[in-house]
Amino acid sequence: MDALVQTALHLLALPEYGLTTVFLVSFISATLLPLGSEPAVLGMIKLNPAQYWAVIFVATAGNTLGGALDWWMGYGASKFAPLGKPTSAHLRALTWLQKRGPKACLLGWLPVVGDPLCSVAGWLRLPFWPCVGYMLVGKFVRYVVMTDAFFGVLRLLP
């Protein structure tokens, strides 16, 4: 098992595989799997500041495609998992999402709730391309704000 972990870490080594690693980590982190893309994005920019926009665009692409996968998983689940007897909190959440439509996918970048939100958008069969477009905008803005805030704070430190 230890050899498998070491091999995986070697294959995802930032300096050697850079943007590929950022894409894969960003993609996986946008699925329902518990992984964050922030360390890969920030680490890659720290290692190579000249690739700032390339890293942002690649991370946004990976994260958006992961959100699109969440949408499709929700869409597929809607065929096999009927609503059942929802609680009042679930009904409020579903009503909120249906009322806002694809625009709610702007919040797909949020920790904990963003990935399920994209899945529920698919489950509710909200239009795919508008949902993906809003995911893309939200995730892009998040990466820009996150990296600027992080490196801004680092510049303030002695």
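Where a number appears in this text, it was derived from the coordinates with a stated rule and is not lab data. What you see is a predicted model; the values in this text were computed from it and never measured. Here the Cβ positions follow ideal geometry from the backbone for every residue, glycine too, while neighbour counts run over all protein chains shown.
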### Query
Quick one: helix 88-100 against the long Cα principal axis of the chain, what's the angle to the nearest 10°, folded into 0 to 90?
70 degrees
### Query
Between the helical axis of 38-47 and the dominant principal axis of the chain, each derived from Cα atoms, what acute angle in degrees is found, rounded to the nearest 10?
30 degrees
### Task
List the relative contact order of the chain as a percent without decimals, with contacts defined as Cα pairs under 8 Å and 6+ residues apart.
23 percent
### Query
Once every DSSP H run of n ≥ 4 in the chain is given -39500 (n - 2.57) and the sum is divided by its residues, what mean residue ellipticity at 222 nm do you get, rounded to the nearest 500 deg cm²/dmol?
-25000 deg cm²/dmol
### Task
May I ask you to order 130-143, 32-45 by the average number of other C-beta atoms within 10 Å around their residues, highest value first?
130-143, 32-45
### Query
What's the exposure ranking of 57, 27, 80, going from fewest to most Cβ atoms within 10 Å?
80, 57, 27
### Summary
By the Cα gyration tensor axes a ≥ b ≥ c (a/c under 1.5 gives rounded; else a/b larger than b/c gives prolate, otherwise oblate), the shape of the chain is prolate
### Task
Please give the helix 52-80 orientation as an angle from the longest Cα principal axis of the chain, in degrees from 0 to 90, rounded to the nearest 10.
30 degrees
### Query
Excluding residue 32 itself, what net charge comes from residues whose Cβ is under 10 Å from its Cβ, given Lys and Arg +1 and Asp and Glu -1?
-2
